[in-house]
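Written below as structure tokens is the structure these notes are about.
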Amino acid sequence: MSENKKWMPRWFYQLASPRWSYEIMGKLLPGFAVAATLLLIGGIIWALAFAPEDYQQGNSFRIIYIHVPSAILAQSCYMLMAVAGAIGLIWKMKVADMVAKSCAPIGASIAILALATGAIWGKPTWGSWWVWDARLTSMLILLFLYLGVIALHSAIESEATAAQSSAVLALVGLVNIPIIKYSVDWWNTLHQPATFTLTERPAMPAEMWVPLLIMVIGFYCFFAVSLMMRTRNEILHRERRSSWVRELIEKR
Amino acid sequence: MNPKRKQRLFIVLFIVFGVGAAVGLTMFALSQNINLFYSPTQIAKGEAPQATRIRAGGMVVEGSVKRDQQSLNVTFDMTDYENSVTVHYNGILPDLFREGQGIVAQGELDQNNQLQATEVLAKHDENYMPPEVADALEKAGNMPKPEAEVFNK
């Protein structure tokens, strides 16, 4: 067994303890909350009031500051949900199952935000709320995958079975992530290709992309806050019979 | 890692890569159906069906837009720099419609291989810039233009 322990860092095994996870998340929460508030408020003010308008779209382009962060986050959240699900399947780690379960509703709301802002942006610029092109359709499928995971969790009474089956669904749906990402490169779409790539300079000047980057980091911090709050709730609910949770509640 | 976990790890990897391969092959087989529009080159080659509703995408050719003074009728050429298609449309064009702009038009090809459009959507590119920068680029003749492959994937 001692040989097994070296295979992963120590904190990975500590995460298996609901109590340790609950406490470490409680310590991390305030920092992320402050960061999320500052970044989102600062980013929004910068984006709406100080960033320059676009030469073609004018001020309507500013919705990019919500649309792009939410689209990026919806996909990252899905990947986290699938990875947490896989860890739950392989190591039978309860906390990983709880993280995966907590990801689904947050990811679904963010995906709705990305789709809604996209539709609102599409009407004035393209001339249509919705087009069945590859990017938009694959993003809609992402939302349906989230809804499927949520439905599985609430349909199956046994927590272990629910976690297993929704982890499998999340892993099957993982194939959609590269499809969303590369849809604009593989097929003719109405949606424009990515403004940001890892290899090239962003296709917008710094006074536009710096506030966008702040908004993206702000969205990630906000996601961390809501995920940790949800997971902590989930831990308390599932461990309600254990002595440390009882003590915690009695102390209140 | 104990054998049980290793086995479960392989199952997980099998799900991810198995589904990935299956979906990848399906998408590859269907790729022409996933494209939202035909390019002018495909239409010139006769790959697009006639007398049925299709979408075509390309850049509006500079100086080709002819508006009827009496009605909303408008005629323009659409190109991917290799071939071009003439589009006839009767309706209100999107705000972003202009010469040199990418567009996607839905309609039917007539006998002359011209598109009788019922809907015209603007397809903007991934470049954003403030108006002053755009003016400067325009004067220097460095304005980024969509490449031919944007319409031919």
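The values are calculated or read from the model by the stated rules, or taken from the named source; none is laboratory data. All values derive from a computational prediction rather than experimental measurement. Virtual Cβ from ideal backbone geometry, glycine too; neighbours counted across all protein chains shown.
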Just wondering, is there one or more residues in segment A:47-55 that are of a type in the set (Ser, Thr, Tyr), surrounded by fewer than 16 Cβ atoms within 10 Å (Cβ to Cβ) and without any contact (Cβ under 8 Å) to a residue 60 or more places away in the chain? no
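Rundown of residues vs (1) surrounded by fewer than 20 Cβ atoms within 10 Å (Cβ to Cβ); (2) of a type in the set (Gly, Ala, Ser); (3) not in a strand (DSSP E or B), yes/no style:
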| position | (1), (2), (3) |
| --- | --- |
| B:Asn33 | yes, no, yes |
| B:Gln42 | no, no, yes |
| B:Gly46 | yes, yes, yes |
| B:Pro49 | yes, no, yes |
| B:Thr52 | yes, no, yes |
| B:Gly58 | no, yes, no |
| B:Gly63 | yes, yes, yes |
| B:Gln70 | yes, no, yes |
Here are A:Ile150, A:Ile110, A:Ile106: which of them is at pLDDT 95 or above, touching a Pro at 6+ places or on another chain (Cβ under 7 Å) and in a helix (DSSP H, G or I)? A:Ile150
Restricting to segment A:72-99, name every residue that is charged (D, E, K, R) and closer than 13 Å to B:Leu9 by Cα. A:Lys92
Could you say whether any residue in segment B:9-20 is more than 20 Å from the chain's Cα centre (by Cα), within 13 Å of chain A (Cβ to nearest Cβ) and outside any helix (DSSP H, G or I)? no
Filter result (at the interface with chain A (Cβ under 7 Å from one of its Cβ atoms) and either under 12 Å from B:Gly58 (Cα atoms) or in a strand (DSSP E or B) (or both)) within segment B:126-152: B:Phe151
Filter result for A:Pro211 (surrounded by 17 or more Cβ atoms within 10 Å (Cβ to Cβ), at negative phi and more than 10 Å from chain B (Cβ to nearest Cβ)): yes
Please verify whether A:Leu145 is within 14 Å of chain B (Cβ to nearest Cβ) and not β-branched (Val, Ile, Thr), treating the condition exactly as stated. yes
Hey, B:Val23 of a type in the set (A, V, I, L, M) and assigned to a helix (DSSP H, G or I) or not: yes
If I go through segment B:104-119 residue by residue, how many of them are more than 9 Å from chain A (Cβ to nearest Cβ) and either of a type in the set (Val, Ile, Thr) or within 22 Å of A:His191 (Cβ to Cβ) (or both)? 6
Restricted to segment B:92-145 and to residues being in contact (Cβ under 8 Å) with a residue 12 or more places away in the chain and among the β-branched types (Val, Ile, Thr), the residue surrounded by the most Cβ atoms within 10 Å (Cβ to Cβ) is B:Ile103
Can you tell me how many residues within segment B:91-107 are in a strand (DSSP E or B) and under 10 Å from B:Val120 (Cα atoms)? 5
